[in-house]
Amino acid sequence: MADYTAYELGNILRRLEKKVDAALCCCESLELKNLGLGVPIYVGRFKNHLKIRSLVAGTNMNITYDNNTITFDSLAGGFTCSDLNSCFTSNLPEGSNLYYTNARVLSYMTGQNISIFTNDSGYITAASLPTVGTWGALNYPTWVSGTPFVKMTAAGTFALDTNTYLTTAVTSVGTTGLISGGPITTTGTITTSMNTNKLVGRSTVGTGIMEEITVGTGLSLSAGALSNSSPFTTPLTTKGDIYVRNTTVDTRLPVGLDTQILLADSTATTGLKWGTNTAATPLGYYGAFQDLTNQTAAVINTGYPMLLGVTDLTNGVTVVSGSRVTIANTGIYNIQWSGQFTNPTAAEHDVTIWLRKNGVDVPGSAGIVLVPKKHGSFDGHTLPSWNFLLDVVAGDYYEFVWSTENISVYMSFTPAGSPPPSTASVVLTVTQQSGIMAGTGITAINSLTGASQTLSSTDLTITSAVSTHSFVIANNAVTDAKLRQSAGLSLVGRSTNSTGDVADITASTANQALRLNPAGTALAFSTAPLSVLISNHNTTAVLSSTNYIQITGAVSAVAVASIGSRQTAFPIGATAQNMYIKTNTAQPATGSLVISLTIATTPSALSITIAAGSALGTFSNILSAVTIAAGNLLTYEIKNNATSTSATVVTISTCFY
């Protein structure tokens, strides 16, 4: 037997009662019968009595009754029909009629996945329900038409599932956004399509679909979001600046002066600085030269400078005009040469070699060399070499000159053979003597003739006494261009109260002025005094009428002004200090006079006390400093502690920085 609700059973009984009454009243011969396949309620008839089965409360049900009413309640609540007749209806809600002709009562029959309806066969079915398993006594939701699924939300609890699900096989997928080439089918391909300067990723915070990220000057991550704004801002401003780092941030090292080098310095802010190299400079100038050609003489006994066509090494020593070894710096030098002479004749011949300085042959420098004769098929060869130690003045040039008594003798170049390399016709080297360098430079000219010692300078005053030469910067000789460079927006000077090297004193913000601090120990750019608050009134006549003076104490014939109506709102943040007061009468001996800069209604530390009995004069407080915030209400409070009229205050002034 199917389970029924209290409402359904109540309707069944009401209809059954009416059918029975009608049968008894209208026709004694009528007999009740059960229709359908449900559990029969009617049992039979005994004389004029109808036998009907008792109603028993089932699970979670409770049945109560009185003379006219049978009440069905569920243990969790239910409904009550106070009058069976009042609950009667010909058409039950949301269902079909239970009433049927000939006093027959339709059986109410339910089952899984069935509909409730009435027909001539006496069956009742309900609207179709979806298959969701065995419901039993579970808490299931009220049905909503068109909702195909029910989902379990907790143990024993169900809810309608309003999601939309695919009910057929997917055969094609459209493409949008970063994917192109669709629709995608079982045989299709997927290709990506992107704009120029884009990256695939996700710039938005949180998990989600891929996005195109525009590539800008850089990518940065901030608060979990990726953007194309570059976090890099260069601190460099001037040609030659160097990008460096101090202990916390990247910064610039301004370009140094010409000829300065970059030095490591742990005391510098960035660990680097421009300066002069104090390391020992490698000593000595030098040059190495050779020639790779045959050199011949057109005329016997005629001097020919040895040619030097190849420069191997050079530092302050060069070859000019093919043969002139020119030395750029004064000093002591060693010059050495060697030459490969060849004699293709059957007789021995002499060649002569000598030194020429600045176009003039050096006396005593010539040497004579005998070149061997030819032996069989082999020419005669000789390789003479010697050196000179020279006292050189900057700009001197030297040449080695040769001559021969037979023009068949020549200086020969021999190409590389097997195994020897090539042979140069001439080799010449020049080296400054490091052991004698202490005598180079200015001191080296002391041994020269007077004509060679001419010194001149537009910036220096030069004086000489025998072997001592003094150089002094002439008055007003140093021009702006010859001063060292300084940083932008700066002055060159000494910021501390001591003697030492000058440095840049730099302004950093607008409206700064160069000023000495109150202690007189440091010079720096700082914000200039913003204003000077001055009172130019006396205490007995006008002081109380100003808009920033408060008078208290025993002041004769003066009405004390309210401090609230005498205040001035200061427009910006500043530091108040250096307070001065001038009086033109003495303070009575019975008490002092106290003048204070008051912020709001509170006297500050910037105050002056004129002692009792003080003569007229100027009084100051330059040690105290008070911080003023923008919008602070300021006034001067003058308190007379004497029993008579105070000293006359002529002026009060305070500097605000």
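The values are calculated or read from the model by the stated rules, or taken from the named source; none is laboratory data. Since the model is a prediction, treat every value here as computed from it, not as a measurement. All Cβ positions, even for glycine, are placed from backbone atoms using ideal geometry, and neighbour counts span all protein chains on display. SASA here: full protein model, heavy atoms, side chains in, ligands and nucleic acids out. Shrake-Rupley method; radii C 1.70, N 1.55, O 1.52, S 1.80 Å.
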Out of the residues in region 602-612 that are over 13 Å from Tyr580 (Cα atoms) and at pLDDT 90 or above, state the one that is farthest from the chain's Cα centre (by Cα). Ala612
Restricted to region 613-630, and to residues that are aliphatic (A, V, I, L, M) and closer than 10 Å to Gln577 by Cβ, which residue is most open to solvent (accessible area, probe 1.4 Å)? Leu623
Identify all residues within region 327-379 that are closer than 24 Å to Thr293 by Cβ, crowded, with 20+ Cβ neighbours inside 10 Å and touching an Asp or Glu at 6+ places or on another chain (Cβ under 7 Å); write none if there are none. Thr342, Asn343, His349, Val371
For Val392, which of the numbered conditions (1) more than 60 Å from the chain's Cα centre (by Cα); (2) closer than 20 Å to Ile332 by Cβ; (3) surrounded by 17 or more Cβ atoms within 10 Å (Cβ to Cβ) fails to hold? (1)
Please find, within region 575-595, the residue that is farthest from Thr627 (Cα to Cα) out of those that are open to solvent by less than 10 Å² (accessible area, probe 1.4 Å) and in a strand (DSSP E or B). Thr583
Return a yes/no flag: does region 277-285 have any residue that is surrounded by 17 or more Cβ atoms within 10 Å (Cβ to Cβ) and under 30 Å from His349 (Cβ atoms). no
So which of Thr627, Thr601, Thr635 ends up being in contact with a helix residue (DSSP H, G or I) (Cβ under 9 Å, 6 or more places away or on another chain) and closer than 18 Å to Ile572 by Cβ? Thr635
Taking region 499-523 and keeping only residues that are assigned to a strand (DSSP E or B), among the hydrophobic types (A, V, I, L, M, F, W, C) and modelled with pLDDT under 85, one is left with Ala513, Leu514, Leu516
Just one listed residue, out of Thr234, Thr259, Thr217, Thr247, is within 30 Å of Arg484 (Cα to Cα), modelled with pLDDT under 85 and within 16 Å of the chain's Cα centre (by Cα), and it is Thr234
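Let's see how each residue does on (1) assigned to a strand (DSSP E or B); (2) among the hydroxyl-bearing types (Ser, Thr, Tyr):
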site	(1), (2)
Ile300	no, no
Val319	yes, no
Ile332	yes, no
Trp337	yes, no
Ser365	no, yes
Leu370	yes, no
Trp386	yes, no
Asp391	yes, no
Restricting attention to region 395-409, which residues are crowded, with 16+ Cβ neighbours inside 10 Å and under 27 Å from Val317 (Cβ atoms)? Asp396, Tyr397, Tyr398, Glu399, Phe400, Val401, Trp402, Ser403
If you go through region 636-650 one residue at a time, do you hit one that is among the basic types (Lys, Arg), crowded, with 19+ Cβ neighbours inside 10 Å and in contact with a strand residue (DSSP E or B) (Cβ under 7 Å, 6 or more places away or on another chain)? yes
Restricting attention to region 465-498, which residues are at pLDDT below 85, assigned to a loop (DSSP other than H, G, I, E, B) and open to solvent by less than 80 Å² (accessible area, probe 1.4 Å)? Ser467, Ala474, Ala477, Val478, Thr479
Subset of region 63-83, residues at pLDDT 55 or above and open to solvent by less than 90 Å² (accessible area, probe 1.4 Å), comes to Ile63, Thr64, Thr69, Ile70, Thr71, Phe72, Asp73, Ser74
Identify all residues within region 395-407 that are under 21 Å from Leu308 (Cα atoms) and not in a strand (DSSP E or B); write none if there are none. Gly395, Asp396, Ile407
Please enumerate the residues belonging to region 601-657 that are of a type outside the set (S, T, N, Q) and part of a loop (DSSP other than H, G, I, E, B). Ala611, Ala612, Gly613, Ala615, Leu616, Ala629, Ala630, Gly631, Ala642, Ala647, Tyr657
Those residues that are modelled with pLDDT of 75 or more and hydrophobic (A, V, I, L, M, F, W, C), I need them from region 424-464; list them, please. Ala424, Val426, Val427, Leu428, Val430, Leu460, Ile462
